[in-house]
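Okay, structure first, notes after.
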Amino acid sequence: MNYFDAKPERERESEALLRELLDESKETYRIPPAAFESYKVKRGLREPDGTGVTAGVTKIGNAHGYVLSEGERMPVEGELSYRGYRLTELCENFVKEGRFGFAECCYLLFFGNLPTPSQLEHFHQLLNLYAKLPPRFDEDILMKAPSPSIMNKMATGVLALYAYDDAPDDNGLSNMLRQSMQLVARVPVIAAHAYAVYKNVFEGRSLNLHNPREDLSTAQNFLRMLRSDKSYTEEEARLLDLCLVVHAEHGGGNNSAFACRVLASSGTDTYSAVGAAIGALKGPRHGGANIKVQEMFDCIKANVSNPRDDGALTDFLLKILRGEANDGSGLIYGMGHAVYTKSDPRAVLLKHYARGLAEKNGYGEDFALLESIERLSPDLFNAYKGTDRALCANVDLYSGLIYRMLRIPVCMYTPLFALARVAGWCAHRMEEFCTGKKIIRPGYKCIAPERCYTPLEAR
């Protein structure tokens, strides 16, 4: 029995009427592709060659995946930097020094520089102070009106924090920074507790709400809060910490960061801007793609008896491209990116650090299948499409496997992405508010013909 009551007859009748009305007017929402070409509209704010339209300036993050040479996009190895520091260098040093890096990464995004030991310690203390949810927040916000979508419940929780803030509309920089740090600390708790409620309501499992400990990192606390027995290994926590660092920021042009900046430009509050970013990230063309990769992976395993057989795997990938398998979209999820061409540095990092753990924990065959998808897809895609595109694995191809190895349920894949990205979103909001100074308002060409009003009795 579904959690929700069966729909009354009157509601079913109203829905049938709505479908009838929509059938009569569905062409209202369709615009012919030629209209975009005729008016030189750059769909998706993309140039004809796939490069993004320059819509802003930022000092926060930079995703670099190609160079323009005489008007042509030339593929290069991908690089991602936070405040000018290469992501790969940051991660390599966190790992080498045996430290959890996510808090340091957040500090860098917020303050523009790497912290000293004392600054980092003080920052940790502030995050620990801010992590506690307001009184009765779980009962009043998370347990009432439970949602089958953790992402939607996270957005609800973030918006609800407005009511617990003594100065929610104060857009002074110091107040915005305080709100941002509170969100970095609280959103992981909201996500973990929302999942606990989800398990209880929709899966009939015991309700276990664990609060964060002040002596633990974000990754350690999240695993501890997520699991009923609060157990985790140090190796698991460090791999999750790496994932959080990798997902923390991706420039101002990615869909969710841009959504956050659009709202910031209107002068609205921090909670509204971050709530909108969560909604954007949920989409399967953005952060929700990690779930799509997992679904595709399961579909391949169910239909290809020997994933190490390149011929059989190629045949099935071709079926996916034709829209004859998986979800019918014609997409090989986890392959290709709007910016990166030869390589996605995030995918390279996750693949590197996941390999050993996969072999150690019995996921070697799964890892090999992902490698085969990565190896076979570019040539297959170009042959099928008749193109010569540089196609690389993106971050979503390997993140799902890591989450499975960490025993993280599929419904938490995108929420993990979101809680990691809060710091980047907030940094972009503050930058946009302080320096943008104009509401973001692009133009749209209206092609609806002018019509004269017809009285009701004459229609």
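Quick notes
- Which listed pairs, of K26/K282; K292/K445; K59/K438; K26/K144, have C-alpha distances above 28 Å, in listed order: K292/K445; K26/K144
- Once Rg and the Kirkwood radius are both taken over the C-alpha atoms of the range 1-74, their ratio Rg/Rh works out to 1.28.
- Annotation: amide H-H contacts under 5 Å for M335 (H modelled 1.01 Å from N, sequence separation of 5 or more, or interchain): N394.
- Using 0.36 nm per residue and subtracting the Cα-Cα separation, the extra length available between E11 and E371 on full extension is 124.7 nm.
- Using a Förster distance of 45 Å, the FRET efficiency for D309-S174 (Cβ separation, nearest 0.05): 0.15
- Under 14 Å, Cβ to Cβ, from R73 - net charge with Lys/Arg +1 and Asp/Glu -1: -2
- Per-residue Cβ neighbour rank within 10 angstrom, fewest leading, C105, C392, C299, C452: C452, C299, C392, C105
- Proximity of backbone amide H atoms, modeled 1.01 Å from N, is registered between G283 and G288 at under 5 Å, excluding neighbours fewer than 5 places apart on the same chain.
- Amide proton proximity set for G61, modelled H, under 5 Å, gap of 5+: R83, G251, G252
- Percent breakdown of C-alpha pair distances by 20 Å bin, ordered from the shortest bin, for the chain: 22, 54, 23, 1
- Using a Förster distance of 60 Å, the FRET efficiency for T116-E457 (Cβ separation, nearest 0.05): 0.15
- Over all other residues within a Cβ to Cβ distance under 15 Å of S272, the charged ones net out to -3, with Lys and Arg as +1 and Asp and Glu as -1.
- Within straight-line reach of K342, meaning a Cα separation under 19 Å, sit the following lysines at least 8 residues removed in sequence or on another chain: K351, K385.
- Here, P(r) means the percent of Cα pairs in each 5 Å bin from 0 to the largest distance; for the range 305-459 it is 1, 7, 11, 14, 15, 12, 9, 8, 6, 5, 4, 3, 2, 1, 0, 0.
- Cut-off 19 Å, label 7 Å out along Cα→Cβ of L21, residues of the range 422-459 by amide N: 454, 456-457, 459
- Each other residue within a Cβ distance under 13 Å of E431 adds +1 if Lys or Arg and -1 if Asp or Glu, for a net charge of +3.
- Simple label model, 7 Å out from Cα along Cβ direction - D388 to E79, nm: 2.6
- When peptides 374-382, 66-74 are ranked by their average number of other Cβ atoms within 10 Å per residue, the highest-first order is 374-382, 66-74.
- Of the peptides 190-196, 209-215, the order by per-residue mean of other Cβ atoms within 10 Å, starting with the highest, comes out as 190-196, 209-215.
- Least to most buried among D298, D366 (fewest other Cβ within 10 Å first): D298, D366
- Over the range 166-316, the Kirkwood radius and the radius of gyration, each from Cα atoms, give a ratio Rg/Rh of 1.05.
Readers should treat all values here as calculations from the given coordinates under stated rules, not as data from a laboratory. Small disclaimer: the values here were computed from a predicted structure and weren't measured. Cβ sites come from the backbone with ideal geometry, for glycine too, and all protein chains shown count toward neighbours.
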